[in-house]
Amino acid sequence: MPDMNQNLSCKQTLVGAFQALFDEAVKAGWPEGDVALALAELAEERVVELTAKVIIEGSMHPQFIAMGGGGCRS
């Protein structure tokens, strides 16, 4: 089972940088909805890349399986 405290800690580590990235894109003139969608698509692309890497390497990290993709999740 994934460690929920570790997941929370990961999210807390990322939230400031994520918000700053979001704010910079909005400040540059992009609508909030477009920014949110672009960030979600980038995150999804990274998950796909990591999943492909795991499949190619032929071994799945237990946390990756348990969490349905690994990494920070809400």
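The values are calculated or read from the model by the stated rules, or taken from the named source; none is laboratory data. It should be emphasised that the depicted structure is a prediction, and the values quoted were computed from it without experimental measurement. Ideal geometry is used to build each Cβ from the backbone, glycine not excepted, and the neighbour counts take in all protein chains shown.
Listed by first and then second residue, the pairs with beta-carbon distance under 6 Å, at least 6 apart or on different chains, first residue in region 33-49 and closer than 18 Å to residue 17 by Cβ, second surrounded by 13 or more Cβ atoms within 10 Å (Cβ to Cβ) and modelled with pLDDT of 95 or more, are 35/22; 35/25; 35/26.
Let's see how each residue does on (1) surrounded by 11 or more Cβ atoms within 10 Å (Cβ to Cβ); (2) modelled with pLDDT of 95 or more; (3) in a helix (DSSP H, G or I):
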| position | (1), (2), (3) |
| --- | --- |
| 1 | no, no, no |
| 12 | no, no, yes |
| 16 | no, yes, yes |
| 23 | yes, yes, yes |
| 37 | yes, yes, yes |
| 45 | no, yes, yes |
| 53 | no, no, yes |
